[in-house]
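Remarks on the structure that follows.
The values are calculated or read from the model by the stated rules, or taken from the named source; none is laboratory data. Just so we're clear, the structure is a prediction, and the values are computed from it rather than from any experiment. Glycine also receives a Cβ, built like all others from the backbone with ideal geometry; neighbour counts cover every protein chain displayed. Each accessible area value is taken on the protein alone, full model and side chains, heavy atoms only, with ligands, DNA and RNA left out. Shrake-Rupley method; radii C 1.70, N 1.55, O 1.52, S 1.80 Å.
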Amino acid sequence: MLNFNYSGFELECGTDEAGRGCLAGPVTAAAIVLPKDFGLDVINDSKKISERAREKLKPILEEVALSYAITHLDPIIIDEINILNASIKAMQECVLKLNLTPLYIIVDGNSPLIPKNGIKNKGGKLFTAIEIELLHSIPSTSIVKGDSKFLSIAAASILAKTYRDEYMNKIHEEFPMYNWKQNKGYPTIEHREAIRKYGTTKYHRMSFRLLPEQLKLEL
């Protein structure tokens, strides 16, 4: 079973994102605060459990959470501020959406929730001075492979993944030739072949290498 708490504070928030490596679709973040009596031993990193298991866990997490939030940041924002900054900003937005103020935040990965050069207040939601001050006031720690170590980060990874999958299933209906319902926007051979054949859409990340260098993209 994963660890429940890192900081010792009862109101500890876990946050994670999904979709950083995709060629299309949003980067999606989730933040969640779990109750101290939470004890589901089936919770794990979303990549380590099946899609069916994630779908079953999603409503359970939503029901038991003291608070949770989801943020999608679209490709136009990713292209503007880059995928790392967009991932961090999506998690920051999630924290601000919570209906309570966590006393501590744990983040999956090695990138801090508050970068050394400060919060990038462009792209997506524009933070007010009060919101920026609030984000700076909450201590946070980034934990490498945190989604396989702490329950709240794992729970956030499940929510981020399931909400993003739902988003990709929806836009699949608009552009079925890319088969996003199956590949979720990741750089599969099938997805890249569809880009080569049909070109790009408003959902593609134009700052990414959509095709190998030896192939030309007809726009």
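A few notes on this one:
- Heavy-atom surface of region 1-145, accessible at 1.4 Å and reported per residue (Å²): 48 Å²
- Every helix of 4 or more DSSP H residues in the chain counts as -39500 (n - 2.57), and over all residues that averages to -11500 deg cm²/dmol at 222 nm.
- A straight chain from residue 4 to residue 137 at 0.36 nm per residue would run longer than the Cα-Cα distance by 45.6 nm.
- In nm, spacing of pseudo-spin labels at residue 207 and residue 52 (7 Å Cα→C-beta vector): 3.9 nm
- The label point for residue 190 and the one for residue 121, both projected 7 Å from the Cα toward the Cβ, are 4.5 nm apart.
- Computed lengthening from residue 170 to residue 84, 0.36 nm per intervening residue step minus Cα-Cα distance: 28.5 nm
- For the chain, averaging the sequence separation of C-alpha pairs within contact (under 8 Å, six or more residues apart) and dividing by the residue count gives a relative contact order of 32 percent.
- Accessible surface of region 83-177, 1.4 Å probe, proportion on carbon and sulfur as whole %: 56 percent
- Distant-in-sequence amide H partners of residue 140 (H built 1.01 Å from N, under 5 Å): 105
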